[in-house]
Amino acid sequence: MPNVTPNTAAIEPQKPKVAFFEFADCEGCQLCAIDLTPEQLLDLTAVIDIVEFREAFSEKADGSDSTGGDSHSGYDIAIIEGSITRDSDAERLKKIRAAAKIVIALGACAHIGGINALKNCQTKKEYTEEVYPTDPNKYETTTAKALDEIIKVDGFIPGCPIDTGEFIRVVKNIVLGKNPDIPTYPVCVECKKKENVCAYEKGMICLGPITRAGCGARCPSNGGYCFGCRGLIPEPNVNAQEDIMQKYNLSFEGMKDKFKLFLQRSKEVFPDAE
Amino acid sequence: MPNDVKVNVHHITRVEGHGNIKVDVKNGELKECKLEIVEAPRFIEAMLKGRPYSEAALITSRICGICSAGHQLASLATSEDVFGIKISEQEKLLRKLLNVGEFFESHVLHIYFLAVPDFVGAKSVLPLVSTHKDVVVQALKLKKLGHYVGDVIAGRLIHSISTNVKAMTKIPTDAILESIIEKLKDAKEELKIGAQVLKKLNLPHFERETEYISLYKPGEYALLEGNLFSSDTGETSYKNYRELTNEYLVDHSTAKRAKHSRESFMVGALARFNNNHEWLSDDAKAFADELGLKAPCYNPYMITVAQFVELVHIADDGIAAAEKLLGMKRELEDRSFPIVAGTGVGAIEVPRGILYHEYTYDDKGIMKKANCVIPTAQNLSNVEDDFRALVPTILDKSKEEITLMLEMLVRAYDPCISCSAHILDVEFV
């Protein structure tokens with residue numbers, strides 16, 4: 001392979017510039033975002049220019065060399081993965097918000113706090129002493145939060161992890177000024193269409209009745225149950241979920257325990273959470 | 001020749017997670033040499049406490065997107081070690097296939113997207129879309145193969161769904177297995193083309209012999225089961241992992257630093273190759289010869305090449321597993337088993353090296369204590385020792401060249417810093 005230099009002349013100025021950032025996360029959603037077929041890659045790069053993506057690029061949106069961390073200029077859209085678990089990260093996030101015209105939360109951690117918020121079910125003393133028994137206060141950490149608890153978020157791509165097809169659709173729609181087109185009905189609708197045996201019939205606690213669809217009921221279709229990673233539907237009927245639990249002779253406490261996995265930041269199910 | 005060099009890389013790019021490189025040379029003498037981990041701590045081990053065994057794989061897979069299936073496989077092995085469960089031949093083969101998905105996704109991403117751009121003077125794979133479109137298309141295809149195998153075997157590669165303690169909740173059809181075989185055969189052809197690209201790259205010549213630790217099961221290139229093997233001290237039971245990782249000292253220090261017989265050791269593709277190369281498939285051996293990889297190899301920049309050779313082996317291994325499954329009567333297994341209280345260990349090879357999980361459950365299968373020791377944590381001291389050996393030999397280069405060589409060295413190890421989020425503030429100096 002001969003040496004090459006980036007062909008910046010090919011960048012068309014009218015396409016919105018997109019930068020990716022991440023906080024407390026597993027980076028799995030960014031991996032899904034780049035799990036593209038060559039056709040999808042061309043489809044996506046036809047409408048946006050990716051100008052910063054630390055996990056995959058050394059290029060920086062502000063044109064600096066690659067050694068200085070986040071850019072705070074040079075992009076229109078910030079796509080952000082991860083929850084906010086440190087005060088210093090909240091400050092990082094605000095700077096990105098100030099630099100971007102549009103902020104999109106990528107995946108459950110950014111959208112609803114996700115798995116990171118499971119630690120909020122313990123006291124800070126409990127979880128810090130568990131992992132760093134001799135010096136629990138050494139590392140900065142605080143309640144894990146979703147992005148929209150700290151800044152204004154203009155759009156979200158739900159799921160743990162996100163669905164690649166939905167990612168492309170939402171980004172394209174936002175760029176084109178259209179509705180992102182994310183379902184507001186529950187997972188059960190998609191699950192029934194797939195003619196799956198109901199997880200409750202198999203003795204499992206499933207959050208499908210109150211969780212936002214759009215995943216194609218992927219978990220119940222593969223022998224699992226829904227644990228709510230896409231967040232609650234708008235105005236979820238949590239009481240109806242309680243009735244289902246009674247019908248199948250399952251405890252409401254058992255269901256509340258499942259809510260902790262991804263939904264700790266949802267006021268509808270944990271109204272008293274800090 | 002600069003006598004004073006300060007290298008300060010904030011959030012090194014093209015690695016998984018957030019890390020900083022700090023090197024300070026004064027009057028030709030190395031004063032400071034650090035790879036800092038600055039990822040937000042996530043407290044996953046604490047989150048596991050109080051959760052049922054059936055959620056352990058679900059939660060630990062979220063430690064890391066790229067190592068997700070690896071964490072699941074380690075988690076299942078650990079729970080099964082606690083409960084004394086021996087998994088069936090069918091289950092072993094299905095997990096082998098899931099692991100094929102994991103290695104393809106991870107190794108291809110690292111080789112083509114993270115490592116290769118450095119060697120062609122590019123900052124990412126993006127400029128290569130216009131200059132080397134065929135290679136980029138090939139890389140996307142090979143990575144997609146990893147996701148495909150994960151999808152059809154376990155519902156999804158990243159945060160798999162069908163993976164459960166004792167047995168999967170999904171069984172592949174003949175058509176799926178045949179398609180996996182066909183795709184893996186195609187992939188081997190693609191890899192032949194990739195090898196021609198890789199061969200032309202100018203890898204830095206830098207050697208530092210160290211201790212190499214991997215799983216070990218004579219007769220096979222051990223990935224999902226086996227004992228532990230050190231190139232210094234030989235074989236020991238996987239149950240003794242704390243002796244090898246020195247994690248026992250963890251209670252006395254927040255710096256979870258791994259060392260065994262020396263100050264540092266290496267895990268990952270090159271360690272596996274050095275310890276287990278004789279059990280690679282014939283085609284993988286031929287690729288190693290072609291690419292100039294010979295055991296023992298002491299050049300950490302060659303980790304990328306060792307990963308490439310592993311892809312060929314993994315493809316062969318996957319074809320064999322799928323063929324075996326095709327010849328078997330496959331059925332959903334009964335997943336019930338008696339729950340007993342106890343502690344168990346799981347040790348498996350994930351793309352970056354040995355991953356250990358250790359769990360203690362009560363008699364209801366509720367987690368009392370969890371410990372995860374990840375490969376990148378084990379490699380950190382070794383990277384830093386490499387820095388120390390390398391920097392004095394390249395002081396005649398410009399600061400930019402020195403920085404690039406250090407970044408390339410870190411990238412060669414393919415560090416997964418998301419995984420290491422509980423191993424902060426590693427004291428190197």
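None of the figures in this text is laboratory data; all of them are computed from the coordinates on show. What you see is a predicted model, and the numbers here were worked out from it, not measured in a lab. Here the Cβ positions follow ideal geometry from the backbone for every residue, glycine too, while neighbour counts run over all protein chains shown.
Toward the positive end of the charge dipole of the stretch B:353-406, about the Cα centre and with charges on Cβ (Lys, Arg +1; Asp, Glu -1), which of B:Thr360, B:Thr393, B:Ala377 goes farthest?
Value computed over the given set: B:Thr360.
Would you tally the net charge around B:Met408, using a Cβ to Cβ cut-off of less than 13 Å, leaving B:Met408 out, and scoring K and R as +1, D and E as -1?
On the way: positive: B:Arg14, B:Lys123, B:Lys397, B:Arg411; negative: B:Asp118, B:Asp386, B:Glu400, B:Glu401, B:Glu407, B:Asp414.
Here the charged neighbours net out to -2.
How many angstrom lie between the Cα centre of the stretch A:108-161 and the Cα centre of the stretch A:204-229?
So the two Cα centres are separated by 23 Å.
Just to confirm the number: angle between the C-alpha axis of helix B:303-326 and the first principal axis of chain B, 0 to 90 degrees, nearest 10?
10
Determine the sum of side-chain charges near B:Ala57: Lys and Arg each +1, Asp and Glu each -1, restricted to other residues whose C-beta is under 15 angstrom from that of B:Ala57. Don't skip to the end; give the middle numbers.
Details: positive: B:Arg51, B:Arg62, B:Arg95, B:Arg156, B:Lys166, B:Lys170, B:Arg335; negative: B:Glu45, B:Glu55, B:Glu80, B:Asp81, B:Glu91, B:Glu102, B:Glu358.
Charge balance near B:Ala57 sits at 0.
Pick out, from A:Tyr75, A:Leu31, A:Ile162, the residue whose Cα sits farthest towards the positive end of the charge dipole of the stretch A:8-175, with +1 on the Cβ of Lys and Arg and -1 on the Cβ of Asp and Glu.
A:Tyr75
Please state the charge dipole magnitude for chain A, taken about the Cα centre, from unit charges on C-beta atoms (+1 on K and R, -1 on D and E), reported in debye and rounded to the nearest 20.
About 540 debye.
In whole angstrom, note down how far apart the Cα centers of the stretch A:29-79 and the stretch B:154-172 are.
Between the Cα centre of the stretch A:29-79 and that of the stretch B:154-172, the gap is 31 Å.
Full-extension gain between B:Asn3 and B:Lys369, please, as 0.36 nm times their residue separation minus the C-alpha to C-alpha distance.
Taking 0.36 nm per residue and subtracting the Cα distance, the gain is 126.8 nm.
So for B:Phe206, B:Phe265, fewest C-beta neighbours within 10 Å to most, what's the order?
B:Phe206, B:Phe265
Per DSSP helix of 4 or more residues, -39500 (n - 2.57); summed, then divided by the residues of chain A. What does that give at 222 nm, rounded to the nearest 500?
-8500 deg cm²/dmol
Let's see if you can work this out: charge +1 on each Lys and Arg Cβ, -1 on each Asp and Glu Cβ, no other charges. What is the dipole magnitude of the stretch A:187-262 about its Cα centre, in debye to the nearest 20?
That gives the stretch A:187-262 a dipole magnitude of about 280 debye.
Just how far, in whole angstrom, is the stretch B:367-411 from the stretch B:303-366 if you go by their alpha carbon centroids?
One Cα centre to the other: 29 Å.
What residue among B:Ile21, B:Ile394, B:Ile303 has the largest mean-square fluctuation in a Gaussian network model of chain B, using Cα springs under 10 Å?
Maximum fluctuation in the GNM of chain B, among the listed residues, is at B:Ile394.
Rounding to the nearest 10 and keeping the result within 0 to 90°, find how far the Cα-based axis of helix B:68-83 lies from the longest principal axis of chain B.
Relative to chain B, helix B:68-83 is tipped by roughly 50 degrees.
Of the DSSP beta bridges with both residues in the protein assembly as shown, give the percent that are antiparallel, rounding to the nearest 5. Intermediate values should be presented prior to the final figure.
Values: 41 of 62 bridges.
Taking every DSSP beta bridge within the protein assembly as shown, about 65 percent pair in antiparallel fashion.
May I ask you to evaluate 6.51 cos²θ - 1.76 cosθ + 1.60, the Karplus curve with θ = phi - 60°, for each residue of the stretch B:368-376 and list the ³J(HN,Hα) values in order in whole Hz, giving x for glycine and proline?
9, 7, 9, 9, 10, 10, 9, x, 4
Give me the net charge of B:Met47's neighbourhood, meaning all other residues with Cβ under 12 Å from the Cβ of B:Met47; Lys, Arg count +1, Asp, Glu -1.
Net of charged neighbours comes to +2.
Explain nothing, just the number: relative contact order of chain B, from Cα pairs under 8 Å at least 6 residues apart, as a whole percent. The partial results should precede the final answer.
Numbers: 836 pairs, mean separation 112.2, N = 429.
Relative CO of chain B lands at 26 percent.
If you average the sequence gap of Cα pairs under 8 Å that are 6 or more apart and divide by the length of chain A, what percent do you get for the contact order?
17
Given axes a ≥ b ≥ c from the Cα gyration tensor, I'd like to know whether chain A is rounded (a/c under 1.5), prolate (a/b larger than b/c) or oblate.
oblate
Note down the magnitude of the dipole of the protein assembly as shown about its Cα centre, charges +1 on Lys and Arg C-beta and -1 on Asp and Glu C-beta and zero elsewhere, to the nearest 20 debye. Present the calculation step by step, with values, prior to reporting the outcome.
Values: 83 positive and 102 negative charges, 226 e Å.
Once rounded to the nearest 20, the dipole reads 1080 debye.
Using a/c under 1.5 as the rounded threshold, could you call the protein assembly as shown rounded, prolate or oblate? The axes a ≥ b ≥ c are square roots of the C-alpha gyration tensor eigenvalues, and prolate needs a/b larger than b/c, oblate otherwise.
The shape class here is rounded.
What percent do you get for the relative contact order of the stretch A:183-260 when only Cα pairs under 8 Å and 6+ apart count?
32
HN-Hα J couplings of the stretch B:234-243 from phi, Karplus 6.51/-1.76/1.60, θ = phi - 60°, integer Hz, Gly and Pro as x?
Ordered by residue, 3J(HN,Hα) equals x, 8, 8, 5, 4, 5, 8, 4, 5, 5 Hz.
Tabulate in residue order the Karplus-calculated ³J(HN,Hα) for the stretch B:47-52, using 6.51 cos²θ - 1.76 cosθ + 1.60 with θ = phi - 60°, rounded to whole Hz; enter x for Gly and Pro.
Once rounded to whole Hz, the list reads 4, 5, 4, x, 8, x.
What shape does the stretch B:149-236 have by the C-alpha gyration tensor, where a ≥ b ≥ c are the square roots of the eigenvalues, rounded means a/c under 1.5, and otherwise prolate means a/b greater than b/c and oblate the rest?
Oblate.
Sort B:Ser237, B:Ser179, A:Ser83 by Cβ crowding within 10 Å, fewest neighbours at the top.
Taking fewest neighbouring Cβ atoms as first place, the list is B:Ser237, B:Ser179, A:Ser83.
Hey, fewest Cβ within 10 Å first, where do B:Val340, B:Val7 land in order?
B:Val340, B:Val7
Compute the long axis of helix B:133-154 from its Cα atoms, compare it with the longest principal axis of the Cα atoms of chain B, and write down the angle in degrees, 0 to 90, nearest 10.
Its long axis makes an angle of about 30 degrees.
Grab the DSSP H runs of chain B that are 4 residues or longer, score each as -39,500 (n - 2.57), total them, divide by all residues and round the 222 nm result to the nearest 500 deg cm²/dmol.
Details: 14 runs with 182 residues, N = 429.
Here the helix-only value at 222 nm equals -13500 deg cm²/dmol.
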